[in-house]
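Below is one structure, written out as structure tokens; the observations come after it.
The values are calculated or read from the model by the stated rules, or taken from the named source; none is laboratory data. Nothing here was measured: the structure is a model prediction, and the numbers come from that model. Heads up, the Cβs are rebuilt from the backbone with ideal geometry, glycines too, and the neighbour counts pull from every protein chain shown. Note: accessible area is taken over every heavy atom of the protein model, side chains too, but ligands, DNA and RNA are not part of it. Shrake-Rupley method; radii C 1.70, N 1.55, O 1.52, S 1.80 Å.
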Amino acid sequence: MIRSAITFSALTILALPVNANQFVFTGTAKSNGGTLLYQEIHQVEGHCAEGIFEPQTHSVNYRKEPGEAPFATKQMSYEDSSLRPSVDFQQPDFNETLEITYPEPDRLAIEWQTPAGEVERYGVSFDDQLVVDAGFDHLVRANWGKVTRGESVEFRFLGPTRGEHYGFVLEPTSNNQLNSDVVLRIRPTSLVLRFLVDPIVLGYNKEGALTEYLGLTNIRENADANFTAHIRYEVEQYPDCELTP
């Protein structure tokens, strides 16, 4: 199975423009049986451009229980595109790290330290169709008019631990496990991959905020597999402008 280890510094905060504002939300991940797996604390810093929120940095702290110290962290920076952030993911319990950077305009670099202690390095060429990590959320918002009219959007999605990107489609769907205003799914376009990779189902509210996620996560259950979870999100602070065009 393709596992996208879909995995903010003080200096970055200081560098933000005066009109920077925050989008803050929390996700609670549970198993199919309803057992609490972990909690995600998201803080997105950005600014308003022509009335639309544009992210600049995004930090995530993962906690096993509310109020506990994080057991994993992820820092992302949207320097060139909201679809392709740089990523610094740390999961110390498994000695795992993942870093995605962009040394050239059309080429990215991946460095992944595996739970076995090995270091894998990849260089991947890409074009404007590529989506990386949390960039899927901004892909949805950038195509809000299309997906809410029932249209689909094709794109490429990075599988960083494979050092490759694959064809996917974002499309409207229905799912009785989700209770959201807009329900979408992300699935592979390749018939072969459809047998290997389960779709991810997403829920959004009318404002364009992610409310639910159902599928494979970037958090490890053990050294060989990641959690599959139903994550429900609650927004604590919206930015001062709209999330969608």
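Values computed for the structure shown
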{"read-out": "Evaluated over the chain, the Cα radius of gyration and Dmax, each in Å", "value": "17.1, 49"}
{"read-out": "Vicinal HN-Hα couplings computed from phi for segment 166-171 (Karplus, 6.51 cos²θ - 1.76 cosθ + 1.60; Hz; Gly/Pro x)", "value": "9, x, 9, 10, 9, 8"}
{"read-out": "Paramagnetic reach from residue 68 (point 7 Å along Cα→Cβ, amide N under 16 Å) across segment 226-245", "value": "227"}
{"read-out": "Where 125, 190 fall by accessible area, highest first, once all protein chains stay in place (1.4 Å)", "value": "125, 190"}
{"read-out": "Average Cα contact separation per residue, segment 73-226, under 8 Å, 6 or more apart, as relative contact order %", "value": "13 percent"}
{"read-out": "Per residue accessible area in Å² of the chain, where ligands, DNA and RNA are left out and the probe is 1.4 Å", "value": "49 Å²"}
{"read-out": "Segment 21-104: C-alpha gyration tensor shape, a/c 1.5 cut-off, then a/b vs b/c", "value": "oblate"}
{"read-out": "For the chain, share of DSSP beta bridges that run antiparallel, in % to the nearest 5", "value": "95 percent"}
{"read-out": "Carbon plus sulfur fraction of accessible area for the chain, probe 1.4 Å, in percent", "value": "46 percent"}
{"read-out": "Accessible surface of residue 30 - all protein chains present, 1.4 Å probe, nearest 10 Å²", "value": "80 Å²"}
